[in-house]
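A short write-up of the structure that comes next.
No lab work stands behind these numbers, since they all come straight from the coordinates. Fair warning: this is a prediction, and the values are worked out from it, not measured in the lab. All Cβ positions, glycine included, derive from the backbone under ideal geometry; neighbour counts span all protein chains shown.
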Amino acid sequence: MYKDTSTKMKRLSIAICALGMTVSVIIGLFYIGLSDGIHSATWNETLVNGIFFIIGGAVISWLVSLLVYGCGQILGDYREMKQSEEQPRRRVLEPQQREFV
């Protein structure tokens, strides 16, 4: 469950983005559909609110998914750093310089 959390967070960010955008479009279209008709006084208002809901929901879902993806990327980079530190290092011997007197 707690192994390879960086990959799981990256996949979660994709799911958050897709689900959030889909839900915001569906709710926005539903909100637009609630209007009484083109000739009603509130139709223009509900149309604008529905469009704002679609656009705003999509943008917010995208931003949240970027944050989650960034956290997953940081975890992955940290794991790679720790693994490279744990591997035995080869010792590089520098040739000794001799001074001539």
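What to note about this one:
- In this simple spin-label approximation, residue 45 and residue 22 carry label points 7 Å from Cα along the Cα→Cβ vector, and these lie 3.3 nm apart.
- Farthest toward positive dipole pole in the stretch 1-83 [+1 Lys/Arg, -1 Asp/Glu at C-beta], among 73, 61, 17: 73
- Rounded to two decimals, the Cα-based Rg/Rh of the stretch 17-84, with Kirkwood Rh, is 1.36.
- Note on residue 29/residue 67: beta-carbon distance plugged into 1/(1 + (r/R0)^6) with R0 of 25 Å gives a FRET efficiency of 0.40.
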